[in-house]
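All remarks here apply to the structure that follows.
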Amino acid sequence: MTREFQVQGVPVSELARRYGTPLFVYDGTALRDRFHGLRDRLHPAMEIFYSLKANPNISICALLHSFGARAEVSSLVELTTALRAGVPPQQVIFLGPGKSRQELAACLDSGIHAVVCESIPEVALVDELARERGVKAPVALRVNPRFAVKRSGLAMGGRPRQFGIDEEELFATTDLVKRFPDVDLMGVHVYMGTRILHEAVIVENTTRILDLAERLSAALNLELRMVDVGGGLGVSYFDGESDLDAQVLTDGLHPVIEDFTARHPGTRLIMELGRYLTAEAGTYVMGVRYTKTSMGERFAVADGGTHHHMAAVGIGSFVKRNFPMAVLNRLDEPATEEWNVTGPLCTPGDTIGKKVPLPPVRPGDLIGVHRSGAYGPTASPGLFLSHGYPAEVLVHEGRCHLVRERDSPEDLLQRQRLYDPTAHDAADVPH
Ligand SMILES: *Cc1c(COP(=O)(O)O)cnc(C)c1O
């Protein structure tokens, strides 16, 4: 019998039969091991917040929360998701450069731990909303530091950015606390960048961020009840990359955190992680519809594609690099051929894998993209060609749970209106 990919004993062919393809499958045990692999080694003073952006599924959020994760959100729906998943408001922070008045109001009304403000006009708006409500708004300032991260997949600080307030500007605005009386300036946030795969870089960033937070707090006379050191912990996807070693990382962080907490015992320390927590636990499963050759190259045309998994096209690089992929229903067959794995979209860009070493592929095979639990459908052009969202299944403790239904044609069409040539909206200019 051929060996098949299984999630906690459930064969992938059974998942495909039951839920159809394309499909995202999440392994709850992998998620738990990933979380605990870090949590159990990390200094206890450092709290882990889950960045919902990486995978906003409410069940993923709830499961991570059941292991001990808190939540970092960046939109009204993410906030609602975290609260409905059972995360207490005091374990939620909200950040993002363009928060609406409605989102900021929801932050204050739900009583979250902190609103991370990314500009001074935003602090002013929070101040106004707090005054209207007769409350003091807990605000942490996101700083765009002078220093930049080295060797990150995507740097977020140290250059002109829409994120955060420049370090120089903050040090020059010493009347901030006085200027916004209804804001409780209580913390500092810095996020240096993402996809960092070097332990020493994360340790160095953390050291510099904690030092910056101390200096800012002294200069601006703001309380330091929270410092969010960002994170940016990466996951290896491509040949030549290797995963972070959680032990090496936490050993490196320990003295830095120990030193800081000795001086600031009351400060909540936060690390916000998305990809690191969820990527490994997810597999994108596509069914092969057709196989063909074109000018000497083999193509497996699948029912899934970049509309669910844009990241697989290649993140932050100009050359196409492939995510780890396999023919899931025939794992033990040697990869003797090279295949281009493409999807149903009418664009050459819909190429999930280029010249991927695979066994001979046949229609009906299930091709899996591993490490796909982060930045999948929500970070992809899901409406392109109106395919919509795939199904998502969580397997936990040997049980399967459909945690996101596949979009149906009606789901996709219901918000469109067929115009009526004999009528018009009231606001139309008459002709
Ligand atoms: C995107 C983002 C995260 C999560 O990033 P990962 O690479 O998935 O860990 C955390 N914080 C901020 C500010 C972000 O923009």
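The values are calculated or read from the model by the stated rules, or taken from the named source; none is laboratory data. Bear in mind that the values here come from a model prediction, so they are computed numbers and not experimental data. Cβ placement follows ideal geometry from the backbone for every residue including glycine, while neighbour counts extend to all protein chains displayed. SASA here: full protein model, heavy atoms, side chains in, ligands and nucleic acids out. Shrake-Rupley method; radii C 1.70, N 1.55, O 1.52, S 1.80 Å.
Out of the residues in region 294-306 that are surrounded by fewer than 24 Cβ atoms within 10 Å (Cβ to Cβ) and in a loop (DSSP other than H, G, I, E, B), which is nearest to the chain's Cα centre (by Cα)? Per the criteria, the residue is Thr306.
Going by the structure shown, is Tyr26 among the hydroxyl-bearing types (Ser, Thr, Tyr) and closer than 30 Å to His264 by Cα? No.
Quick one: which strands (runs of 3 or more DSSP E) sit completely within region 1-76 and have at least 1 residues that are surrounded by fewer than 21 Cβ atoms within 10 Å (Cβ to Cβ) and not basic (Lys, Arg)?
46-51
List the number of the failed condition for Ala82; all other conditions in (1) of a type in the set (Gly, Ala, Ser); (2) in a helix (DSSP H, G or I); (3) open to solvent by 30 Å² or more (accessible area, probe 1.4 Å) hold. Condition (3) is where Ala82 drops out.
State whether one or more residues within region 268-278 are open to solvent by less than 20 Å² (accessible area, probe 1.4 Å), assigned to a loop (DSSP other than H, G, I, E, B) and modelled with pLDDT of 95 or more.
Checked region 268-278: at least one residue is open to solvent by less than 20 Å² (accessible area, probe 1.4 Å), assigned to a loop (DSSP other than H, G, I, E, B) and modelled with pLDDT of 95 or more.
Which numbered condition in (1) farther than 23 Å from Ile60 by Cβ; (2) at pLDDT 95 or above; (3) within 16 Å of the ligand (Cβ to nearest atom); (4) outside any helix (DSSP H, G or I) is the only one that Gly96 fails? Failed condition: (1). Here Pro89 passes the criteria (1) modelled with pLDDT under 95; (2) more than 15 Å from the ligand (Cβ to nearest atom) except the one numbered (1).
Assess whether Ser386 counts as being among the hydroxyl-bearing types (Ser, Thr, Tyr), touching a residue at least 12 places away in the same chain (Cβ under 8 Å) and exposed (fewer than 15 other Cβ atoms within 10 Å of the Cβ). Criteria met by Ser386. Taking only pairs six or more apart or across chains, which ones have beta-carbon atoms under 6 Å, a first residue in region 31-54 that is touching a residue at least 12 places away in the same chain (Cβ under 8 Å) and under 17 Å from Asp245 (Cβ atoms), and a second residue that is open to solvent by 10 Å² or more (accessible area, probe 1.4 Å) and charged (D, E, K, R)? These pairs meet every condition: Arg34/Glu280. Taking the criterion of being acidic (Asp, Glu) and more than 16 Å from the ligand (Cβ to nearest atom), the residues of region 9-68 that qualify are Glu14, Asp27, Asp33, Asp40. Checking Thr80 against (1) of a type in the set (S, T, N, Q); (2) under 24 Å from Leu269 (Cα atoms); (3) within 16 Å of the ligand (Cβ to nearest atom), which test does it fail? Here Thr80 meets the rest and fails (3). Among the candidates Thr291, Thr261, Thr207, Thr283, the residue that is part of a strand (DSSP E or B), surrounded by fewer than 19 Cβ atoms within 10 Å (Cβ to Cβ) and away from the ligand (no atom under 16 Å from the Cβ) is uniquely Thr291.
When you look at Val227, is it closer than 26 Å to Arg371 by Cα, crowded, with 18+ Cβ neighbours inside 10 Å and touching a residue at least 40 places away in the same chain (Cβ under 8 Å), yes or no? Walk me through how you get there before you give the answer.
Working: closer than 26 Å to Arg371 by Cα: no; crowded, with 18+ Cβ neighbours inside 10 Å: yes; touching a residue at least 40 places away in the same chain (Cβ under 8 Å): yes.
Here the answer is no, as Val227 does not meet what is asked.
Selection of first residues in region 252-277 that are touching a residue at least 40 places away in the same chain (Cβ under 8 Å) and of second residues that are of a type in the set (A, V, I, L, M, F, W, C) and open to solvent by 30 Å² or more (accessible area, probe 1.4 Å), restricted to Cβ pairs under 8 Å at least 6 apart or on distinct chains, gives the following pairs, ordered by first then second residue: Gly252/Ala200; Ile257/Ala45; Thr261/Ala45; Leu269/Ala45. Count of region 155-204 residues, restricted to those that are assigned to a loop (DSSP other than H, G, I, E, B) and more than 30 Å from Val248 (Cβ to Cβ), is 8. Quick one: would you say Glu214 is free of Cβ contacts under 8 Å to residues at least 24 places away in the same chain and either open to solvent by 40 Å² or more (accessible area, probe 1.4 Å) or within 18 Å of Thr250 (Cβ to Cβ) (or both)? Answer is no for this residue. Condition check for His254 on (1) in contact with a Ser or Thr (Cβ under 9 Å, 6 or more places away or on another chain); (2) surrounded by fewer than 19 Cβ atoms within 10 Å (Cβ to Cβ); (3) assigned to a helix (DSSP H, G or I): one failure, at (1).
Yes/no per residue for (1) outside the structural domain of Gly314 (by TED's automatic domain parsing); (2) more than 26 Å from Gly343 (Cα to Cα); (3) outside any loop (DSSP other than H, G, I, E, B):
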| site | (1), (2), (3) |
| --- | --- |
| Leu385 | no, no, yes |
| Tyr389 | no, no, no |
| Glu392 | no, no, yes |
| Leu402 | no, no, yes |
| Leu418 | yes, yes, no |
| Ala423 | yes, yes, no |
| Ala426 | yes, yes, no |
